[in-house]
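Enquirer: Have a look at the structure that comes next, please.
A short reminder: the numbers here are calculations on the coordinates, not readings from a lab. All of these numbers come straight from a predicted model, not from anything done at the bench. Methodologically, a virtual Cβ is constructed for each residue, glycine included, from the backbone with ideal geometry; neighbour enumeration extends over all protein chains shown.
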Ligand code: SAM
């Protein structure tokens, strides 16, 4: 994603009421933040937040945390959230490399990864959010029966992700190379990137994996 620096976004994020500051302090205690026992779903690399804002609106009985590394991008999600009457959605401005500091064993029921950066060079493979290194991090906090749902239009990244998941001992629940023309399209919520790339005619790939 090409990043434009949004002036004041860092300062805004530091004080914004929808952003959880020092999220490490809530490790193992996210239920207290939301004030209920509802399941916790997270999106890593949420971008401008369309997807997670829509999910949170449609599913008031699920708690959502949107994670984004860059304040200049997250600020757009905050703007969207301001117009919504929601108590089940907060944001973290965080590099996913440190996500294990924030969630405890079994605390998260679902992880969404949408149009994650492909990092095309082999030497950067470990930075891909579906690399074995990241999958191992997720095991540290995903519920045993929880799942990861990954969407992309990037075939190379998708095939890499299928392979990494298999090699790392995850079970493939289902997958499709053309989500919008598949049985799994019902209830699909489009992300910003999904709208853009499916609009260009790119098929959208999606896989669901869980721990064996
Ligand atoms: N998920 C959105 C969508 O589908 O429209 C945005 C996709 S964009 C290609 C990838 C997003 O992931 C960017 O906003 C980027 O800043 C964020 N991102 C990349 N690496 C990250 C990391 N290590 N931790 C948190 N966010 C990350």
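Enquirer: Determine Rg/Rh for the range 76-169; Rg is computed over alpha-carbon atoms and Rh is the Kirkwood hydrodynamic estimate from the same atoms.
Expert: Using Cα coordinates only, the ratio equals 1.00.
Enquirer: Which of the peptides 184-190, 102-108, 72-78 is most tightly packed, and how do the rest follow, judged by the mean count of other Cβ atoms within 10 Å per residue?
Expert: Ranked from most to least packed, the peptides come out as 72-78, 102-108, 184-190.
Enquirer: For labels at residue 188 and residue 172 in the simple 7 Å Cα→Cβ model, what's the distance in nm?
Expert: Label at residue 188, label at residue 172, 1.8 nm between them.
Enquirer: Expressed as a rounded percentage, what relative contact order does the range 141-211 have, with Cα pairs under 8 Å and six or more residues apart?
Expert: Details: 88 pairs, mean separation 40.6, N = 71.
It comes to 57 percent, rounded to a whole number.
Enquirer: Looking at the chain only, what percent of DSSP beta bridges run antiparallel? Nearest 5 please.
Expert: 35
Enquirer: Suppose a student asked you for the relative contact order of the chain, using Cα pairs under 8 Å spaced at least 6 residues apart; what percent would you report?
Expert: That works out to 20 percent.
Enquirer: Once both labels are modelled 7 Å past Cα along the beta-carbon direction, what's the residue 36-residue 123 spacing in nm?
Expert: Result: 4.9 nm between the two label points.
Enquirer: Grab the beta carbon distance between residue 212 and residue 181, set R0 = 30 Å, and tell me the FRET efficiency rounded to 0.05.
Expert: 0.55
Enquirer: With just the Cα atoms of the chain, tell me how far they stretch along each of the three principal axes, in Å, largest first.
Expert: 40, 37, 37
Enquirer: Still on this structure: Counting each pair of different Cα atoms once, what's the Kirkwood radius of the range 49-95 in Å, rounded to one decimal?
Expert: Over the range 49-95, the inverse of the mean reciprocal pair distance is 10.6 Å.
Enquirer: Return the whole-Å distance between the Cα centroid of the range 74-96 and the Cα centroid of the range 167-201.
Expert: Here the answer is 23 Å between Cα centres.
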